[in-house]
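Accompanying notes for the structure given below.
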Amino acid sequence: MSGGGRAARVEAQILREAADILARSVRDPRLALATLVRVKATPDLKLARIYYTLHGGEARGQEVKEALASARGFIKRELSGRLGLKFMPDIQFFQDDSIEYAHRVNQILKDLSKERGERDEDSPDTPGGPEEGA
């Protein structure tokens with residue numbers, strides 16, 4: 001979400017209301033795989049980017065994207081009625097892959113740590129070995 005002020009309040013309100021609309025009003029089973037996670041609005045509030053994550057893997061990602069595109073007009077109309085803004089921002093949906101990215105980075109760090117641990121076990125504890133200095 002944005003730094004603060006009005007834009008941050010509108011972002012939070014859009015996230016809350018859009019999630020409620022998806023859960024209660026949109027009857028598309030493909031959207032059960034998506035969870036809205038954040039909203040990023042432009043400073044002038046003309047555009048709101050709504051980010052979602054997928055449950056069930058990337059294989060169904062295209063279906064969810066199509067379902068959100070299909071429901072976009074309905075969601076925007078519903079949001080307009082609920083938010084009470086003079087001008088309703090245009091909305092766009094984007095898949096948020098930051099969680100997957102964090103998992104990949106975490107796995108790489110674990111692999112490196114494990115690799116480093118194996119390398120330390122293969123090398124002697126003291127540099128040069130026990131015969132050094134004899």
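The values are calculated or read from the model by the stated rules, or taken from the named source; none is laboratory data. This structure is a prediction, so every number in the text was calculated from the model and none was measured. Reconstructed Cβ throughout: ideal geometry from the backbone, glycine too, with neighbour counts over all protein chains shown.
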- Message: Anything in region 46-71 that is within 16 Å of the chain's Cα centre (by Cα), closer than 28 Å to residue 7 by Cβ and free of Cβ contacts under 8 Å to residues at least 40 places away in the same chain? List them, or say none.
- Response: 64, 65, 68
- Item | All positions within region 46-66 that are surrounded by 19 or more Cβ atoms within 10 Å (Cβ to Cβ), at pLDDT 90 or above and not in a helix (DSSP H, G or I) | 48, 50, 52
- Task: Filter region 11-45 down to the residues that are touching a residue at least 40 places away in the same chain (Cβ under 8 Å) and loosely packed, with under 14 Cβ neighbours inside 10 Å, then identify the one that is nearest to residue 89 (Cα to Cα).
- Result: 42
- Item | Residue among 79, 109 that is buried (at least 17 other Cβ atoms within 10 Å of the Cβ) and part of a helix (DSSP H, G or I) | 79
